[in-house]
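The values are calculated or read from the model by the stated rules, or taken from the named source; none is laboratory data. Note that the structure is a prediction, hence the values are computed from the model and not measured. Methodologically, a virtual Cβ is constructed for each residue, glycine included, from the backbone with ideal geometry; neighbour enumeration extends over all protein chains shown. All accessible areas refer to the heavy atoms of the entire protein, side chains included, with ligands and DNA or RNA removed. Shrake-Rupley method; radii C 1.70, N 1.55, O 1.52, S 1.80 Å.
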Amino acid sequence: MDFDLDEQQQMIRKMAREFAEKEIKPVAGEFDEKASFPSEIIEKLGELGFMGMMVPEEYGGAAMDCVSYAIAVEEISRADASTGVTMSVTNSLACQPILDYGNEEQKKKYLPDLAQGKTLGAYSLTEPEAGSDAGNIQTTAVLDGDHYVVNGTKIFVTNGGKADIIVLFAATNKEAKTKGISTFIVEKGMPGFKAGKKEDKMGMRASDTSELVFEDCRVPKENLLGKEGAGFKIALATLDGGRIGIAAQAVGIGQACLEASIAYSKEREQFGRTICKFQAIQWILANMATDIEAARLLTYRTAHLKEKGERFTMAAAQAKLFASEAAVRAAINAVQVHGGYGYMKEYDVERYFRDSKLTEIYEGTSEVQRLVIAASLLR
Ligand code: CAA
């Protein structure tokens, strides 16, 4: 067993941290306040090779391993979780399924631009009646000559309003339920497709979350990803990988909470001494650090399993479950350490508090992660 990061992984951490400190952290609060999307930062992340980290070089990617990817998402999220999820979704939920299930033509057509940040990707599964019950998809795709005609409305799509390429799940045979779902690559600009309402969120405000509307949208037959009817398995297998990204994001938020709390507790004086001298604060810091380190190890281990080609469904659910709950605990405690100041917008922990909550919800709620873990245990 080797817990050391290799040279490449260390280099990725350094690169991601330097970029995040310089380009993202100083403006993260402003983007959050205005709920505006940091397009230029995303473009630069693309130039660094961070938008398609696990895509092989032959398709224009950075050809990195999954642990490097987790480290990069962690470091970017340590500065700004919204930027972290924009990056994670393009890597895990757009590039990865095209890489895993796409034919040569699809890989050559879509991966290079996605991987280099020239286009942005999204993954569209959720609907009003299909949240945790992801199989209950009502959006339909009916074959008509050389096209599928798609009708329906998708919600809560990360990157939805900004994406050029959407990995879409729709029912091609409703009677067959989960065995009648298929996956499509939809391009922005295809007739009958438009982004709908942009959500006004509690946190992750610099990440775009939108509705997608399909009205007789004609998607060419060659944009079917994988086999017809295989979509539900593609959706769940893709989410396994996505959950590594969200776990890494939660680790980044937790780490930011810890660092902010240590720094503040060393400055703030009450009762004639800095508050880090009080055991009440020390215990909070100790618990936070232990939580975050455990979350990090679960996350890297899952990334390592994926890299080795082993089944990692349960490990990903465990990492996502633990890391997201650890991030929320860290954020609650970081606000507490900061006292009244922690509740004020001028301190970053206020944003971490709001951002952390979403990690327990998207890409499968904590309740869904527990279902996935239990199903693996009882299989
Ligand atoms: N990989 C591949 N196949 C899988 C799988 C996996 N991880 N998990 C299950 N399957 C297969 C099963 O083997 C089964 O196959 P058979 O029918 O051949 O036996 C099939 O998929 C159906 O499995 P289940 O019966 O377990 O499915 P279910 O309907 O009971 O659902 C669930 C289980 C775990 C609740 C699932 O619906 C789920 O994960 N829900 C949460 C969805 C989710 O995470 N949504 C987030 C969407 S993305 C988002 O958050 C926004 C964004 O933009 C990022």
### Query
Once label points are set 7 Å from the Cα along Cα→Cβ at both Val142 and Lys277, what is their separation, rounded to one decimal in nm?
7.6
### Summary
So for R0 = 41 Å, FRET eff. of Glu222-Glu259 from the Cβ-Cβ r, to 0.05, ends up at 0.25
### Message
Taking the solvent-accessible surface of protein heavy atoms with a 1.4 Å probe, what is the per residue accessible area of the chain in Å²?
### Response
44
## Note on the structure
With +1 at each Lys and Arg Cβ and -1 at each Asp and Glu Cβ, the charge dipole magnitude of the chain around its Cα centre, to the nearest 20 debye, comes out at 720
### Message
My understanding is that a pair violates if its Cα-Cα distance is over 32 Å; which of Lys14/Lys154; Lys34/Lys109; Lys109/Lys174 do that in this structure?
### Response
Lys14/Lys154; Lys34/Lys109
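List, in the order given, every pair from Lys44/Lys118; Lys22/Lys198; Lys162/Lys201; Lys179/Lys233; Lys25/Lys201 whose Cα-Cα distance in the structure shown is over 18 Å.
Lys22/Lys198; Lys25/Lys201
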### Task
At 0.36 nm per residue, minus the direct Cα-Cα distance, what do Asp2 and Lys266 gain on full extension? Give it in nm, one decimal, please.
91.6 nm
### Query
What stretch of the chain, leaving out the sites themselves, is the longest with no GluC sites (Glu not before Pro) in a DSSP loop having at most 14 other Cβ atoms within 10 Å?
130-309
### Summary
Charge dipole of the chain built from unit charges on the beta carbon (Lys, Arg +1; Asp, Glu -1), centred at mean Cα; most positive-end Cα among Tyr148, Leu298, Ile373 is Ile373
### Query
Can you give the FRET efficiency for Lys177 and Ser36, using 1/(1 + (r/R0)^6), R0 = 45 Å, r = Cβ-Cβ distance, to the nearest 0.05?
0.65
### Net length gained if the chain between Lys197 and Ala237 were fully extended (0.36 nm per residue, minus Cα distance)
11.6 nm
### Query
In sequence order, what are the phi-derived ³J(HN,Hα) couplings for the range 183-200 according to the Karplus relation 6.51 cos²θ - 1.76 cosθ + 1.60 with θ = phi - 60°, rounded to whole Hz, with x for glycine and proline?
10, 10, 9, 9, 9, 4, x, 5, x, x, 10, 8, 7, x, 4, 8, 6, 9
### Task
Run the accessible area of the chain with a 1.4 Å probe and give the carbon-and-sulfur part as a rounded percent.
53
### Task
Just grab the label-to-label distance for Lys118 and Leu377, each label 7 Å out from Cα along the Cβ direction, in nm (one decimal).
4.8
### Task
Quick one: which residues, 5+ away or cross-chain, put their amide H under 5 Å from the amide H of Lys197? H built at 1.01 Å from N.
Glu211
### Task
Only Cα pairs under 8 Å and at least 6 apart count here; give the relative contact order of the chain as a rounded whole percent.
16
### Two-decimal log10 I(q)/I(0) for the chain, as the Debye equation yields it once each C-alpha is a single scatterer, q = 0.15 Å⁻¹
-1.31
### Query
What per residue convex hull volume, in Å³, comes out for the range 232-378 when only alpha-carbon positions are used?
105
### Task
Report Leu93's accessible area, 1.4 Å probe, all protein chains in place, as a number in Å² to the nearest 10.
10
